[in-house]
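Data first, discussion second: the structure below is written as structure tokens.
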Amino acid sequence: MTPALSAAARPAAATLFGRALCRRCPNCGGRPIFSRWIRMAERCPSCGLVLTRKESGYSLGGFWLNMLFAEGVTAALLVGTLIRTWPDPPWDLLQYGLPALAVLTPVLFYPFSKTLFLALDLMVRPSAHYEHD
């Protein structure tokens, strides 16, 4: 395990989120932190950061972020399609395509939502809090 990062050595927000979008440890950039598409390791193999927190309600943050993204993408595509194709929108595509997208998007985005929420949490509460949990 690496020692706790000082405030000056903490990664910048852009670095945390960039690493998270690459499905890497937001704290150090280590990988692999997923053994399957949605199964995250208990700890980062590089820095030892606890990735699967046991705090009450912690996993809800990733779920919330996932649903926010999935619903936002679906709503944006609905509104964008209606605006772009009005007065003759492709109702069949909207009727069948958007529900399929609404089901598929959360599955595809789930690992990213977990790492992005972890990055957000690390911005608010630095890794020193978790390294020895």
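The values are calculated or read from the model by the stated rules, or taken from the named source; none is laboratory data. As the structure is a prediction and not an experimental result, all values here were calculated from the model. Ideal geometry is used to build each Cβ from the backbone, glycine not excepted, and the neighbour counts take in all protein chains shown. What goes into the accessible areas is simple: the full protein's heavy atoms, side chains included, and nothing from ligands, DNA or RNA. Shrake-Rupley method; radii C 1.70, N 1.55, O 1.52, S 1.80 Å.
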Consider only pairs whose beta carbons are under 7 Å apart and that are at least six residues apart or on different chains; among these, list those whose first residue lies in region 98-122 and is free of Cβ contacts under 8 Å to residues at least 40 places away in the same chain and whose second residue is open to solvent by less than 20 Å² (accessible area, probe 1.4 Å) and not β-branched (Val, Ile, Thr). ALA102/ALA70; THR105/ALA70
Of everything in region 7-34, what is under 16 Å from the mean Cα position of the chain (by Cα) and over 14 Å from LEU118 (Cβ atoms)? Give them in sequence order. ALA14, PRO32
Applying the selection to region 56-85, what residues are under 18 Å from the mean Cα position of the chain (by Cα) and open to solvent by 60 Å² or more (accessible area, probe 1.4 Å)? SER59, LEU60, PHE63, TRP64, MET67, LEU68, PHE69, GLU71
If you take the residues of region 49-81 that are polar (S, T, N, Q) and over 21 Å from ILE33 (Cβ atoms), which of them is modelled with the lowest pLDDT? SER56
Residues that are surrounded by 14 or more Cβ atoms within 10 Å (Cβ to Cβ) and either polar (S, T, N, Q) or not in a loop (DSSP other than H, G, I, E, B) (or both), drawn from region 34-51: PHE34, MET40, ARG43, SER46, VAL50
